[in-house]
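J.: Quick one: structure below, then a few questions.
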Amino acid sequence: MITFSNIHKTYNPGKPNQVNAVNGITLDIKDQEFLVIVGSNGSGKTTLLDMVAGSVLPTSGSITIDGGDVTRLRDYQRSKWIARVFQNPLSGTASELSILDNFRLAAIRTRSKGLGIGINDTFKNQVKEKISTLGLGLENKIYQQMGTLSGGQRQALTLLMSVMDSCKVLLLDEPTAALDPRSADVVMRTADELIRDYRLTSILITHNLKDAFTYGNRIILMGEGQVKKDISADDKKNLKQADLFDWFS
Ligand SMILES: Nc1ncnc2c1ncn2[C@@H]1O[C@H](COP(=O)(O)OP(=O)(O)OP(=O)(O)O)[C@@H](O)[C@H]1O
Ligand SMILES: [Mg+2]
């Protein structure tokens, strides 16, 4: 579904501040695989995700998504298939708009004939129904400004919005890093459900080793811009949480 062939990314090439963020990664992420990426700060995790999204283009190597070569496609040319949730709950939604208007924007973003979506009752009810699955009571607050919600509430809604339409890939870059444990739990469980329901291929970056252990069906450890360990779904079943901690010691 997503393939990296000998991908390199060098920031500021030839300058004193040159950084080789990704150093020759070859990786084949299968359709509907849920890949978890762990690794220390600066190991190139976000750079790798940015290259799937197209917000960063590789220095060399090639990337395909769903069989098509996307190596040189910019992020807006891929956004139809790719949903993304960032670490910062303020990213990804418009704080001055209501919950309902944010959902409307999200629906328009990924639809080619987007202008047909009005604030009619059908759409409103669809949004309420979706929101109620979170169990946060937000379905009764669809006219509330996004900016007045807590980080956890926003992050849960961002997640729901990001997979409104027929996207194929979900990218999660430390989506719970800024959240309290209960909100983090709601967001991760919602992500897991959406990934199953929509049969998404997904990548989660996390520093939370409990989440890395609990979620996903394959796990890789990144270090110095390379894949240092790659644990398949079968092997992950035999992995113990303590083994994961050992990787970092
Ligand atoms: N836009 C940029 N310009 C220059 N250097 C960058 C840029 N983005 C990232 N880097 C550098 O590339 C390396 C990898 O960064 P990256 O953000 O991919 O790491 P990460 O594994 O996501 O780290 P963290 O766990 O802290 O989020 C780091 O040394 C970082 O400083
Ligand atoms: Mg990062």
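Computed from the coordinates by the stated procedures, all read-outs in this text should not be read as laboratory data. For clarity, every value in this text was computed on a predicted model and none was experimentally measured. For neighbour counting, all protein chains shown are included, and Cβ atoms are generated from backbone atoms with ideal geometry for every residue, glycine included.
J.: Using 5 Å bins from zero, what percent of all Cα-Cα pairs in the range 120-249 falls into each bin?
T.: 2, 9, 18, 20, 18, 14, 9, 5, 4, 2, 0, 0
J.: Give the distance, in whole Å, between the Cα centre of the range 56-108 and the Cα centre of the range 219-249.
T.: Rounded to whole Å, the Cα centres lie 27 Å apart.
J.: Continuing with this model, one more query. If you stretched the chain out fully between Lys210 and Ala94, how much longer would it get, using 0.36 nm times the residue separation minus the C-alpha to C-alpha distance?
T.: This chain segment gains 38.6 nm when fully extended.
J.: Now a separate question. Which longest uninterrupted range of the chain lacks any GluC sites (Glu not before Pro) assigned by DSSP to a loop state (not H, G, I, E or B) and surrounded by at most 15 other Cβ atoms within 10 Å?
T.: My reading of the result: 97-223 is the longest stretch.
J.: Looking only at the range 56-99, which residues have a backbone nitrogen under 12 Å from a spot 7 Å from the Cα of Thr3 in the C-beta direction?
T.: 62-70
J.: Quick one: pull the percentage of alpha-carbon pairs in the range 1-111 with a separation above 24 Å.
T.: Value for the range 1-111 (Cα pairs over 24 Å): 34 percent.
J.: Grab the Cα-Cα distance for Thr122 and Thr26, subtract it from 0.36 nm times how many residues apart they are, and report the gain in nm with one decimal.
T.: Length gained, Thr122 through Thr26: 30.1 nm.
J.: Sticking with this one: Taking 1 over the mean of 1/r across every pair of different Cα atoms in the range 62-103, what Kirkwood radius in Å do you get?
T.: That comes to 12.7 Å for the range 62-103.
J.: Moving on. Say the cut-off is 28 Å between C-alpha atoms; which of Lys130/Lys237; Lys45/Lys130; Lys45/Lys210 go over it?
T.: From Lys130/Lys237; Lys45/Lys130; Lys45/Lys210, over 28 Å: Lys130/Lys237; Lys45/Lys130.
J.: Let me ask you something else. Taking the highest mean first, how do the peptides 40-47, 204-211 order by number of other beta carbon atoms within 10 angstrom per residue?
T.: 204-211, 40-47
J.: As an exercise, take the mean of 1/r over every pair of distinct alpha carbons in the chain, invert it, and state the Kirkwood radius in angstroms.
T.: Over the chain, the inverse of the mean reciprocal pair distance is 18.9 Å.
J.: Please list, in chain and number order, the residues 5+ apart from Val22 or on another chain whose amide H is under 5 Å from its amide H, with Hs placed from the backbone.
T.: Lys9
J.: If the only charges are +1 at each Lys and Arg Cβ and -1 at each Asp and Glu Cβ, what is the size of the charge dipole of the chain around the Cα centre, to the nearest 20 debye?
T.: Value, rounded to 20: 440 debye.
J.: Right, here's the next one. Residue by residue through the range 121-126, what is 3J(HN,Hα) from phi via Karplus (6.51 cos²θ - 1.76 cosθ + 1.60, θ = phi - 60°)? Round to whole Hz and write x for glycine and proline.
T.: 5, 4, 4, 4, 5, 4
J.: Would you calculate the separation in nanometres between label points at Lys228 and Ser249, each defined as 7 Å from the Cα along the Cα-to-beta-carbon direction?
T.: Spacing of the two 7 Å Cα→Cβ label points: 1.5 nm.
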